[in-house]
Amino acid sequence: MRMTRRTVLLGAAASGAACVTSGAATQPTSAGFVRATFVGGAAGAWRVVSQRAVIGEGLAAVPFLDRLEGPTFEAQAPGQWRLVGVRSNERYSTRAEHDALASVQAGLGRSDATRACLIPMSKSAAWWALSQDERRELFETKSHHVGVGARYLPAVARRLYHGRDLGAEFDFLTWFEFAPQDEPRFDSLLDELRATEEWKFVSREVELRLSRG
Ligand code: HEM
């Protein structure tokens with residue numbers, strides 16, 4: 001792995017776990033584009049508390065995980081798996097929804113948010129065959145994704161990365177941070193979203209629960 005300052009700070013993953021190749025190759029910098037690499041392996045800032053396949057195929061079990069953001073993707077070392085995505089523009093939120101969420105949501109990295117969850121997921125060909133207005137209708141009018149999610153702010157902090165246009169292993173990498181006492185609320189958020197029309201179009205979903213500190 002190329003050693004960046006971030007890698008050193010967050011903990012470089014070492015060899016040891018089963019190796020699975022995931023995602024696209026390391027790419028050159030392009031200004032303003034934030035690339036995220038999730039590295040599962042024998043070391044990392046987050047300890048994996050549990051890991052399971054929710055829909056479809058899972059990922060090789062790993063004891064630790066790092067979430068690394070920067071202008072380039074991190075390279076993969078032997079014994080690790082790697083998932084990649086990018087921060088991107090919003091597709092579905094209205095201005096009013098965006099502003100309402102922005103007024104209450106918390107940022108990542110809060111000192112008391114010592115629990116996290118990584119949910120890599122993909123949607124089916126049927127979802128991607130829909131037009132934008134049909135997807136928005138499923139996402140919010142029928143499933144209330146934003147309306148449901150808003151009730152869990154600011155306890156749950158979140159970040160969404162897109163992988164589909166990179167040809168990555170997952171269409172989305174979703175990341176959540178919360179305090180230990182809010183984990184039951186996070187469970188309830190997942191229950192609500194997984195019962196929606198939107199989730200009928202989820203073709204693969206993996207859940208990793210994490211802890212630090
Ligand atoms: C914490 C509460 C949550 C809030 C406030 C929230 C809010 C949002 C918003 C506003 C978007 C639309 C972004 C856009 O306009 O493109 C979005 C997209 C998305 N969210 Fe959530 N969300 C929450 C929880 C979750 C959870 C728990 C999951 C996974 C289990 C999840 C998975 C996704 C995915 C995959 C997308 C992209 C959907 C697509 O583009 O088809 N969200 N979320």
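Hey, does segment 80-100 have a residue that's over 26 Å from Gly40 (Cα atoms), of a type in the set (Gly, Ala, Ser), out of contact with any Leu (no Cβ under 9 Å at 6 or more places or on another chain) and within 16 Å of the ligand (Cβ to nearest atom)? Walk me through it before giving the result.
Start the filter on segment 80-100 by keeping residues that are over 26 Å from Gly40 (Cα atoms), which leaves 89-100.
Add one more test, that the residue is of a type in the set (Gly, Ala, Ser), and what stays is 93, 96, 100.
Retained after the next criterion (residues that are out of contact with any Leu (no Cβ under 9 Å at 6 or more places or on another chain)): 96, 100.
Now restrict to residues that are within 16 Å of the ligand (Cβ to nearest atom): 96, 100.
Yes, because at least one residue in segment 80-100 is over 26 Å from Gly40 (Cα atoms), of a type in the set (Gly, Ala, Ser), out of contact with any Leu (no Cβ under 9 Å at 6 or more places or on another chain) and within 16 Å of the ligand (Cβ to nearest atom).
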Exercise. Which of the residues spanning segment 8-62 are at pLDDT below 75 and part of a strand (DSSP E or B)?
Worked result: Val20
For this session: Take the residues in segment 191-202 that are free of Cβ contacts under 8 Å to residues at least 60 places away in the same chain and of a type in the set (A, V, I, L, M), then tell me which one is surrounded by the most Cβ atoms within 10 Å (Cβ to Cβ).
Result: Leu193
Problem set entry | Residue in segment 198-213 that is of a type in the set (S, T, N, Q) and more than 15 Å from Met121 (Cβ to Cβ) present | yes
For this session: Those residues that are surrounded by 18 or more Cβ atoms within 10 Å (Cβ to Cβ), within 7 Å of the ligand (Cβ to nearest atom) and not in a helix (DSSP H, G or I), I need them from segment 159-190; list them, please.
Result: Phe172, Phe176
For this session: Scan segment 103-121 residue by residue and report those that are away from the ligand (no atom under 13 Å from the Cβ), surrounded by fewer than 18 Cβ atoms within 10 Å (Cβ to Cβ) and in contact (Cβ under 8 Å) with a residue 60 or more places away in the chain.
Result: Gly109, Arg110, Asp112, Thr114
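One residue is enough: does segment 76-84 have a residue meeting the conditions within 19 Å of the chain's Cα centre (by Cα) and modelled with pLDDT under 90? It would help to see each step written out before you state the result.
Looking only at segment 76-84, we keep the residues that are within 19 Å of the chain's Cα centre (by Cα), and these are 76, 80-84.
Of the ones still in play, those that are also modelled with pLDDT under 90 are 76.
Yes, that holds for at least one residue.
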Exercise. Do we have Gly85 as in a loop (DSSP other than H, G, I, E, B) and either over 16 Å from Glu140 (Cα atoms) or touching a helix residue (DSSP H, G or I) at 6+ places or on another chain (Cβ under 8 Å) (or both) here?
Worked result: no
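Which residues, taken from segment 194-204, are out of contact with any Ser or Thr (no Cβ under 8 Å at 6 or more places or on another chain) and near the ligand (Cβ under 9 Å from one of its atoms)? Quick ask: steps written out before the conclusion?
Just the residues of segment 194-204 that are out of contact with any Ser or Thr (no Cβ under 8 Å at 6 or more places or on another chain), to begin with: 194-195, 200.
Answer for segment 194-204, where residues must be out of contact with any Ser or Thr (no Cβ under 8 Å at 6 or more places or on another chain) and near the ligand (Cβ under 9 Å from one of its atoms): just Arg194.
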For this session: Go through segment 139-155 residue by residue and tally those that are surrounded by fewer than 18 Cβ atoms within 10 Å (Cβ to Cβ) and of a type in the set (S, T, N, Q).
Result: 1
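The values are calculated or read from the model by the stated rules, or taken from the named source; none is laboratory data. Quantities reported herein were computed from a predicted structural model and do not represent experimental measurements. In this analysis, Cβ positions are derived from the backbone assuming ideal geometry, glycine residues included, and neighbour counts consider all displayed protein chains.
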